[in-house]
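One structure below.
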Amino acid sequence: QCNLEGKWKNELGSIMTLSPLDKNGFFTGTYHTTVTANSNLVTKESPLMGNLNVFTADTQQRVFGFLVNWTFSNSVTSFVGQCFVQKDGTERLQTTWLLRGSAATEEDNWSQTSHRVGTNVFTRLNTEEA
Ligand SMILES: O=C1C=CC(=NNc2ccccc2C(=O)O)C=C1
């Protein structure tokens, strides 16, 4: 079954580290993202907090949500998603995100389309990547 604790990366190369969950499924963590701020790449760490739905008996299909409070801009991103375990045991977090507010700094070029909703898939950071 999926355990959210640990390090995850998405297709943008952002790294998310999640804490152990408490009995209510509450967790905290940090989110490292690389965004272009006034034309230089900076990696920024932002705090996050979230909840796993621990009320369902179905331990394989648990849904979660978390909010990243971006430290480099006046914005937050909420992620909602579900963890899936593949046949080979690898875990993937399928998420949909909603970005609220505009970055105080130049937005990263992938967000030039100024879309404010999207999807991200997170996979576990394996040991040599960490
Ligand atoms: O104000 C801003 C502008 C762009 C941002 N890009 N990061 C993201 C936004 C949505 C989902 C994932 C990420 C990421 O960096 O992984 C974040 C805050």
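A short reminder: the numbers here are calculations on the coordinates, not readings from a lab. Because the structure is a prediction, the values reported are computed rather than measured. Note: ideal-geometry Cβ built from the backbone for every residue, glycine included; neighbour counts use all protein chains shown.
Observations on the model:
- Packing-based ranking, highest mean first, of 50-62, 88-100, 66-78 given that Cβ atoms within 10 Å are counted: 66-78, 88-100, 50-62
- Residues whose placed amide H lies under 5 Å from that of SER46, excluding near-sequence neighbours: TYR31, HIS32, THR33
- Of all lysines in the structure, the ones whose alpha carbon falls short of 17 Å from that of LYS7, not counting any fewer than 8 places away in one chain, are LYS44.
- Given their separation in residues at 0.36 nm each and the Cα-Cα distance between them, ASN3 and THR56 gain 17.6 nm when the chain is fully extended.
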